[in-house]
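Every read-out reported here was derived from the displayed coordinates using simple, explicitly stated rules and does not represent laboratory data. Predicted model, so just to flag it, every value in this text is computed and none were measured. Every residue, glycine as well, gets a Cβ built from its backbone with ideal geometry; the counts of neighbours run over all protein chains shown.
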Amino acid sequence: MHNRVRDCTVRAIAIATGTSWDVAYIALTIHGFFMKDMPDSDAVWWDFLNEHGFQYHAILSECPKCRTVREFCADHPDGLYVLATQNHVLCAIDGDWYDAWDSGDEIVLHYWTKENDL
C-alpha cells in the first residue's frame, strides 16, 4: 500500500477485510456506484462494512469521555476494529493500529467490529 493522504478509507477497509488496496478500492467504488455516491463517503463505506458482517458502535453513546486511538487500542487488546475519527478512518487489530501516520492522539467517534473476529 502507498502512503497517500486521502486514501485512509481504502487502506482501513483493505486491512480489515484482508484484501489488497486495489481490491478494496474497486469494491468500494462499485459499492459507491450502486449507491450513487463517492467510494469514501460515510454512507458507502458504512454500508459496505455492514454488508460484510461488521457491527457499528458509537463511542459517544457509550461513555461521556472520548478516547483517543491509543487509549481505544489499549482498552481493546484483542480483535479487529475499524475506527473512525473526525476526518479519518483506520484499522486496529489486537491492540495495534495500522495507519500511514501516527494517529494515536485522534479521538475515536465510531467503530466497527466483526463478531466472529472478537
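Computed from backbone phi, the HN-Hα couplings of region 26-41 come to 4, 4, 5, 5, 5, 4, x, 4, 5, 8, 6, 8, 6, x, 9, 6 Hz, rounded to whole numbers (Karplus: 6.51 cos²θ - 1.76 cosθ + 1.60, θ = phi - 60°; Gly and Pro given as x).
Counting neighbouring Cβ atoms within 10 Å and putting the fewest first, the residues Asp37, Asp94, Asp7 line up as Asp94, Asp37, Asp7.
If you filter region 29-112 for chymotrypsin sites (Phe, Trp or Tyr not before Pro), then keep DSSP loop positions with at most 12 other Cβ within 10 Å, what is left? Those that pass, being in a loop and sparsely packed, are Trp101. For Arg6 and Asp75, what is the calculated FRET efficiency with R₀ set at 30 Å and r taken between the beta-carbons, to the nearest 0.05? Step by step, r from the Cβ atoms, then E = 0.55.
In this simple spin-label model, placing a label point 7 Å from the Cα along the Cα-to-Cβ direction at both Glu115 and Ser41 gives a separation of 2.9 nm.
For Cys91, the amide hydrogen comes within under 5 Å of the amide hydrogens of Leu83, Tyr98, counting only partners 5 or more places away or on other chains and with H modelled in the peptide plane.
Given the -39500 (n - 2.57) contribution per DSSP H run of 4+ residues, what per-residue ellipticity at 222 nm results for the chain, rounded to the nearest 500 deg cm²/dmol? Walk me through the numbers before you get to the answer.
Numbers: 4 runs with 42 residues, N = 118.
Dividing the helical sum by the residues of the chain leaves -10500 deg cm²/dmol.
Can you give the longest stretch of the chain with no exposed loop site, where a site means trypsin sites (Lys or Arg not before Pro) in a DSSP loop (not H, G, I, E or B) with at most 13 other C-beta atoms within 10 Å? The segment 66-118 is the longest one with no such site. Normalising the average separation of contacting C-alpha pairs (under 8 angstrom, six or more residues apart) by the number of residues puts the relative contact order of the chain at 28 percent.
Which ordering of His76, His110, His57 is given by a fewest-first count of other beta-carbon atoms within 10 Å? Mind dumping the intermediate values first?
On the way: His76 20, His110 17, His57 13.
Taking fewest neighbouring Cβ atoms as first place, the list is His57, His110, His76.
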